[in-house]
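As structure tokens, the structure follows; a few thoughts come after it.
The values are calculated or read from the model by the stated rules, or taken from the named source; none is laboratory data. In this text, all values refer to a predicted model and were calculated from it rather than measured experimentally. When we count neighbours, we look across all protein chains shown, and the Cβ atoms used for this are built from the backbone with ideal geometry, even at glycine.
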Amino acid sequence: MSGKVIRLKAGPEDSGLRLDQYISSRTGELSRTLLRKIIDIGGVHVGGRRVRRCSQHVRPGESVEIYLDGLPLEPFVLHESRIVYRDKYLLAIDKPSGVETQPTPARYKGTVYDAVLNYLKDPFRPLDRPALGMVQRLDRETSGIMVFSIHPKSHRGLSDAFSDREVIKSYLTMVHGRPAEVQGEIRSFLARRRASNRMKSVLRGGKAAVTRYRVLEFFEAAALLEVDILTGRTHQIRIHFAEQGHPVLGDDKYGAISHPAQNIHRLMLHACRLRLTHPVSGRVLDLKVPLPPDFSAALDIYRKKSECHGAIAD
């Protein structure tokens, strides 16, 4: 069901049916139990608008779309263990791999955006909407640190810091092969290809992207890199290394090179550090998160199987 969209059109004979009854009667693959979960997370749209009630009745002529992204239907919930930093103005969290950052057609509930809103809600004022500013994105399969403004006084300052490239953003990644240079800088202009909806480097018309890297360890057929991005373009790290012939392991969009036998079942990209100036107090914040267990486990397997076991790049 990954990446699938089911489109239906209600007829006169469907008038008055509950939404879950109607969809279940028209599709043999979705039970009413499963549909209730899909509707609850926001994957069903009626007349072009997201619907969250199974009991809503369909009307003749209405279009119904069911978006399936293939991810677990249990919504992500933000717990205290994932809070990296919090004060009156900012919140930083450690995002797990496999969770969408912002709402998609397939889901609203359980995205990072929704989870942070729920975490910030005042239980004594449940109707109040928290002040939340999202200025940073991480790909669904990328894990690591994200920072949000949670007060009107910090929205503009944090947004300006990111847009003016004043935030140091560091990542750890595993790439296929062994880069020829142990450190370097990749520069290009990135633009979206309409035909494939993918980003790529272009000679003109794109947006500048700058990626700096340093090899931390070499393995038999891969390398562990520390990466700093001076810009924040969509899929920047993934594109730059794929175009260098060293795609990020587990990247099925730009690289399609993974090693299931070595437990690579995710995009091996982790946002490990953010260094920024607090938009209100002016204090320098250096926020870090460790590698998640799945990344660390894969790294250990490469170390054990590599002929260059534990070799650190000069």
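What single numbered condition from (1) of a type outside the set (Val, Ile, Thr); (2) part of a strand (DSSP E or B); (3) touching a helix residue (DSSP H, G or I) at 6+ places or on another chain (Cβ under 7 Å) fails to hold for Glu65? With respect to (1) of a type outside the set (Val, Ile, Thr); (2) part of a strand (DSSP E or B); (3) touching a helix residue (DSSP H, G or I) at 6+ places or on another chain (Cβ under 7 Å), Glu65 is out only on (3). When we screen Val215, Val175 for residues that are farther than 30 Å from Val116 by Cβ, in contact with a helix residue (DSSP H, G or I) (Cβ under 7 Å, 6 or more places away or on another chain) and part of a strand (DSSP E or B), the only hit is Val175. Every listed requirement among (1) within 29 Å of Phe295 (Cα to Cα); (2) modelled with pLDDT under 85 is met by Arg193 save one, (1).
Taken over region 132-149, residues that are under 13 Å from Ala271 (Cβ atoms) and of a type in the set (Ser, Thr, Tyr) amount to 2.
Quick one: would you say Leu120 is of a type in the set (A, V, I, L, M) and more than 29 Å from Met268 (Cβ to Cβ)? Yes, satisfied. Restricting region 177-199 to residues that are among the small types (Gly, Ala, Ser) and under 17 Å from Ala223 (Cα atoms), the residue that is surrounded by the most Cβ atoms within 10 Å (Cβ to Cβ) is Gly177.
Which of the following residues is among the acidic types (Asp, Glu), under 26 Å from the mean Cα position of the chain (by Cα) and over 30 Å from Leu158 (Cα atoms): Glu65, Glu80, Glu13, Glu29?
Values: Glu80 fails: over 30 Å from Leu158 (Cα atoms); Glu13 fails: under 26 Å from the mean Cα position of the chain (by Cα); Glu29 fails: under 26 Å from the mean Cα position of the chain (by Cα).
Within the list Glu65, Glu80, Glu13, Glu29, the selection yields Glu65.
Thr33 meets the conditions (1) surrounded by fewer than 20 Cβ atoms within 10 Å (Cβ to Cβ); (2) touching a residue at least 60 places away in the same chain (Cβ under 8 Å); (3) farther than 30 Å from Ser170 by Cα in every case but one. The failed one is (2). When restricted to residues that are aliphatic (A, V, I, L, M) and either in a loop (DSSP other than H, G, I, E, B) or in contact (Cβ under 8 Å) with a residue 60 or more places away in the chain (or both), region 180-199 contains 3. Within region 282-294, residues that are under 10 Å from Ala92 (Cβ atoms) sit with their Cβ atoms under 9 Å from residues that are part of a loop (DSSP other than H, G, I, E, B), at 6+ positions apart or across chains, in these pairs: Leu285/His278. Answer yes or no: is there a residue in region 30-44 that is charged (D, E, K, R) and within 25 Å of Pro279 (Cα to Cα). The answer is no, given that none of the residues of region 30-44 is charged (D, E, K, R) and within 25 Å of Pro279 (Cα to Cα).
Taking the residues in region 40-62 that are basic (Lys, Arg) and assigned to a loop (DSSP other than H, G, I, E, B) as candidates, determine which candidate is nearest to Ser15 (Cα to Cα). Step by step, filter region 40-62, then rank; the result is Arg59.
Conditions (1) in the same structural domain as Arg187 (by TED's automatic domain parsing); (2) among the small types (Gly, Ala, Ser); (3) outside any loop (DSSP other than H, G, I, E, B); (4) touching a residue at least 12 places away in the same chain (Cβ under 8 Å), marked per residue:
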| position | (1), (2), (3), (4) |
| --- | --- |
| Ser201 | yes, yes, yes, yes |
| Thr211 | yes, no, yes, yes |
| Leu224 | yes, no, yes, yes |
| Val227 | yes, no, yes, yes |
| Gly232 | yes, yes, no, yes |
| Ile237 | yes, no, yes, yes |
| Ala242 | yes, yes, yes, yes |
